[in-house]
Amino acid sequence: MTEAAAWQKTLHGRDLGWLGREFHFFEEIGSTNVFVRERAGELAHGAVVLADHQTAGRGRLNRAWLAPAGSSLLVSIFVRPDWPAERAGWLTMIAGLAAQKGIAAATGLDVQLKWPNDVVRQRPDGTLAKLGGILSEGHFEGERLAWGTAGIGLNVNIGRDDLPEAAQPPTSLLLETGRPQSREILLGELLAAFKDWYERCAAGDSPQPEWGAQLLTIGRPVTVREQRGEGTAWSGFAEGVDDQGRLLVRDEGGLLHPLSAGDVTLRAA
Ligand code: BT5
């Protein structure tokens with residue numbers, strides 16, 4: 001069986017309905033998110049785009065996502081929500097919860113989320129290692145989210161010597177569980193969880209309470225660096241997230257600031 005056929009069998013062996021009915025697999029592509037953006041006009045709601053290798057994988061703020069060929073889950077899920085624009089952040093929440101639930105179901109491993117878009121493993125000494133990341137993009141028509149893509153990259157079978165250079169120490173499911181993991185099973189579980197959450201959200205149920213409860217960032221002191229202006233840094237306390245996915249940080253003077261992912265970088269204080 002070709003690799004594309006094996007992936008397709010995984011998808012169609014499950015009852016995913018609208019999700020993955022349209023399916024694209026690439027042995028090599030620039031970026032699955034860019035593919036989706038360029039073809040948004042033609043793609044069906046629920047299209048799934050998967051790659052074995054990306055030559056120009058993307059993170060936020062034009063950062064690179066690096067992964068050796070065949071080592072990772074690199075997937076973009078395309079949806080046409082037609083939700084109010086303020087709900088655009090729900091896609092990142094759904095993708096994060098789906099990654100977390102998918103990993104738990106496929107491997108038994110407990111992973112955590114870090115605001116705004118990281119999938120992490122907390123080490124016994126409290127340090128965080130990055131296992132994956134989410135890159136959501138959306139297109140608005142008027143006040144509506146016309147389409148969106150949830151790009152998810154998870155490090156699956158990457159050995160210690162092949163992990164990329166990264167700002168935060170990276171890790172993989174192989175390293176965390178001590179054995180190679182099936183990317184097909186992981187994809188199936190992740191999509192099943194994505195479908196569940198997406199359908200709840202489409203019915204108007206916000207993912208924010210569950211997502212907020214999974215975020216390690218909440219309840220901790222943080223240092224906030226603003227991207228705009230002079231990039232000044234200040235210290236505060238992360239109290240929660242709002243329904244748009246903004247982090248609510250109280251500064252030392254007692255004022256509460258809603259922070260958008262694109263506007264700040266954070267580190268544990
Ligand atoms: C992310 O951005 O974490 C979002 C990554 C999304 C990747 C998926 S793969 C499928 C889809 N198609 C795409 O082109 N992208 C999506 P950000 O928070 O900006 O983190 C990027 C930073 O993570 C980089 O600057 C590196 O420091 C680090 N990094 C890069 N590759 C990594 C890896 N494999 N594991 C851990 N850290 C990595």
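The values are calculated or read from the model by the stated rules, or taken from the named source; none is laboratory data. Nothing here was measured: the structure is a model prediction, and the numbers come from that model. With ideal geometry, Cβ positions are generated from the backbone for all residues, glycine too; neighbour counts draw on all protein chains shown.
Among the candidates Thr55, Thr32, the residue that is under 26 Å from Ile158 (Cβ atoms), surrounded by fewer than 17 Cβ atoms within 10 Å (Cβ to Cβ) and β-branched (Val, Ile, Thr) is uniquely Thr55.
Answer yes or no: is there a residue in segment 205-225 that is among the basic types (Lys, Arg), surrounded by 13 or more Cβ atoms within 10 Å (Cβ to Cβ) and within 23 Å of Ala51 (Cα to Cα). No, segment 205-225 contains no residue that is among the basic types (Lys, Arg), surrounded by 13 or more Cβ atoms within 10 Å (Cβ to Cβ) and within 23 Å of Ala51 (Cα to Cα).
Would it be correct to say that Arg58 is among the charged types (D, E, K, R), within 18 Å of His24 (Cβ to Cβ), touching a Phe, Trp or Tyr at 6+ places or on another chain (Cβ under 7 Å) and near the ligand (Cβ under 10 Å from one of its atoms)?
Working: among the charged types (D, E, K, R): yes; within 18 Å of His24 (Cβ to Cβ): yes; touching a Phe, Trp or Tyr at 6+ places or on another chain (Cβ under 7 Å): yes; near the ligand (Cβ under 10 Å from one of its atoms): yes.
Yes.
Residues that are in contact with a helix residue (DSSP H, G or I) (Cβ under 6 Å, 6 or more places away or on another chain) and away from the ligand (no atom under 15 Å from the Cβ) within segment 61-93 comprise just one, Trp90. Taken over segment 80-105, residues that are small (Gly, Ala, Ser), surrounded by fewer than 24 Cβ atoms within 10 Å (Cβ to Cβ) and touching a Leu at 6+ places or on another chain (Cβ under 8 Å) amount to 2.
Considering Ala105, Ala129, the condition of being farther than 26 Å from Phe35 by Cα, of a type in the set (A, V, I, L, M) and near the ligand (Cβ under 9 Å from one of its atoms) is satisfied by Ala129 alone.
Within segment 154-165, is there a residue that is of a type in the set (A, V, I, L, M) and within 18 Å of the chain's Cα centre (by Cα)? Within segment 154-165, one or more residues are of a type in the set (A, V, I, L, M) and within 18 Å of the chain's Cα centre (by Cα).
Can you name every one of the helices (runs of 4 or more DSSP H) wholly within segment 141-245 that holds 1 or more residues which are in contact (Cβ under 8 Å) with a residue 12 or more places away in the chain and aliphatic (A, V, I, L, M)? Reasoning before the result, please.
Values: elements: 173-177, 183-202, 208-214.
So the answer is 173-177, 183-202.
Note on segment 125-140: residues that are touching a residue at least 12 places away in the same chain (Cβ under 8 Å) and surrounded by fewer than 22 Cβ atoms within 10 Å (Cβ to Cβ) amount to 8.
Here Ala261, Ala202 are screened, and the one residue that is of a type in the set (A, V, I, L, M, F, W, C) and either farther than 24 Å from Gln122 by Cα or modelled with pLDDT of 95 or more (or both) is Ala202. On the basis of being closer than 22 Å to Trp147 by Cα and in a helix (DSSP H, G or I), does Leu19 make the cut? So Leu19 fails the test.
Of Pro124, Pro170, which residue is within 30 Å of Val222 (Cα to Cα) and touching a strand residue (DSSP E or B) at 6+ places or on another chain (Cβ under 9 Å)?
Within the list Pro124, Pro170, the selection yields Pro170.
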